[in-house]
Structure formats: C-alpha cells, structure tokens
Amino acid sequence: MTLSRLALVAALALCAGAAAAQDALPSGFARLRTVEPGIAQDMRYATANNFTGHPLPGYDAGECILRRPAAQALKRVQADLARENLSLKVYDCYRPARAIRAMTRWAADPDALPDTRRFYPALPKERLFALGYIATHSAHARGVAVDLTIVPKGSRPPAFDANARYGSCAGPSGARAPDDSLDMGTGYDCFDVRSHTRAPGLTADERASRARLVAAMARHGFVNYKREWWHFSYPAADPRRDYDFPVR
C-alpha cells in the first residue's frame, strides 16, 4: 500500500472514530429505538411545535434517549398495549439541562415570539414555574422521565403547520393542533387545569383514555405527575444527577 493510501485509510479511521465518539451515550443510557423501535416518536422540542415556538438548545435530533431500565420498562408497556392494537408515542424523554435553562429564559421574556398562548390559554406565562407546569430541575434531565400518550398502532401524526392559528390546547379536539393521540381532553404540554390527570369536567371517553395510560404505565413501575396526564417518571433508575449532553 502506498503512503498516500495509508494516509487516506488513517484519515478515514480517525473520522469514523470521531463519529462513533460523538454518537456515544453516557453509561447507563440508551436510544429507545434500539430497545423498542415500535414505539412512535414525535419529539416536540426538536421542532417548532412546542410552547416556545422554536427547537430547544441541545436537541440536535428528534431522538428519544432514556436510562436503559426506563427504556426497557417502556418496552414492556408497549407489549401490553400491542395486544389492544395500540401503541405508545413519546413526545419527550431525556432533556438536556441547557434546554431547561432555555425554558426559564422563555418564561421570563414577555416579548418572546412567536405567540404560543394556545399552550397556556388561561394563565400568565410568568406563573408557569410557580404553578408547577415547568421545573428548573427535572427528572427529564436525569433520563428517567418521559412525556407520552397512546395512539392507534400504525398511525401517523398529522402535519403541523407553523403558520396556522390553532385553537386553545384545552379546547375541543378539532380546534387544537393536530395529533394522532387518543383524545385525552387536552393537547400535550397544555398548561391548564384540564391537564391535571384527574381534572373534573372531562368526558367519559377522555377519562377512560387517561386511566388506560396511567394503568398501563403504573403496571411497569412508572409514576404519573398529577398536573400533567402525559408525564411519567421511573424512580427505580434515577441517577440523582442532571445531564447536559446533546440529543443526537
């Protein structure tokens, strides 16, 4: 082999090694798709379809990453739901600490654009932290929290139009931003009392859908957050430290 070819091979090996290092996760973490590829992923914070109106820092890809035991527990939940021709769909999983700091800046900025009041139709956004809808420290940053819903197996989320004027997240399902979720009574990340898991005023079908989700998750060790029907933590795998590596 000539010197020039040796140099080329060495350069390619270095590039491959650098790419592998970039893709590596901290010990104990896993990409959900490698554990259970059948779970749908609609990772909102990697897109403009979230309450800030922009992709959040640290989300370089729409990829669900979790502590491996939490991902394996989700696989067991998915197996249960598959018997009913249903599937989990995740909205958010591990969340870099830098993304949480960006949420804090957004909540403190009264002039932030675009207008995303459809996510907090009845509340001033500067109160969202005090009311417990956003946290300065989150189990998401530890890789043991997941935001999710239930969808019909094989469904696809409708297209999101960033220029559309969608109605309140707490309004009728036909007026909200599109989603393929079973109707839970509100959209995801809806900062409103109707999002409380046991909120009054829900229809029988909405209550049944929430109860199905909570029961399916609880059977495999997940704990629901009472103010958000979509938020679950997996305390058995909690490392008790926040992380800030990017989602790739």
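For the reader, a short list of remarks on this structure follows.
- Only listed residue being in contact with a His (Cβ under 8 Å, 6 or more places away or on another chain) and of a type in the set (Ser, Thr, Tyr), chosen from TYR59, TYR94: TYR94
- Near pairs, Cβ below 7 angstrom, 6+ apart or cross-chain, from segment 94-107 (among the aromatic types (Phe, Trp, Tyr)) to any residue that is in a helix (DSSP H, G or I) and modelled with pLDDT of 95 or more: TYR94/HIS140
- Residue match in segment 59-73 (condition: of a type in the set (Val, Ile, Thr), modelled with pLDDT under 95 and within 16 Å of the chain's Cα centre (by Cα)): no
- Within segment 129-140, residues that are touching a residue at least 24 places away in the same chain (Cβ under 8 Å) and among the β-branched types (Val, Ile, Thr) have Cβ atoms under 9 Å from residues that are in a loop (DSSP other than H, G, I, E, B) and surrounded by 12 or more Cβ atoms within 10 Å (Cβ to Cβ) in these pairs: ILE134/PHE51; ILE134/LEU128; ILE134/PHE191; THR136/PHE129, counting only partners at least 6 apart in sequence or on another chain.
- Here ASP80, ASP111 are screened, and the one residue that is out of contact with any Leu (no Cβ under 6 Å at 6 or more places or on another chain) and in a loop (DSSP other than H, G, I, E, B) is ASP111.
- Among residues of segment 180-199, those that are assigned to a helix (DSSP H, G or I) and closer than 15 Å to ASN224 by Cβ, counted: 1
- Set ARG198, ARG219, ARG210: member being at pLDDT 95 or above, basic (Lys, Arg) and buried (at least 16 other Cβ atoms within 10 Å of the Cβ): ARG210
- Residues of segment 139-154 classified as in a loop (DSSP other than H, G, I, E, B) and buried (at least 19 other Cβ atoms within 10 Å of the Cβ), total: 2
The values are calculated or read from the model by the stated rules, or taken from the named source; none is laboratory data. Fair warning: this is a prediction, and the values are worked out from it, not measured in the lab. Neighbour counts run over all protein chains shown; Cβ positions are idealised from the backbone, glycine included.
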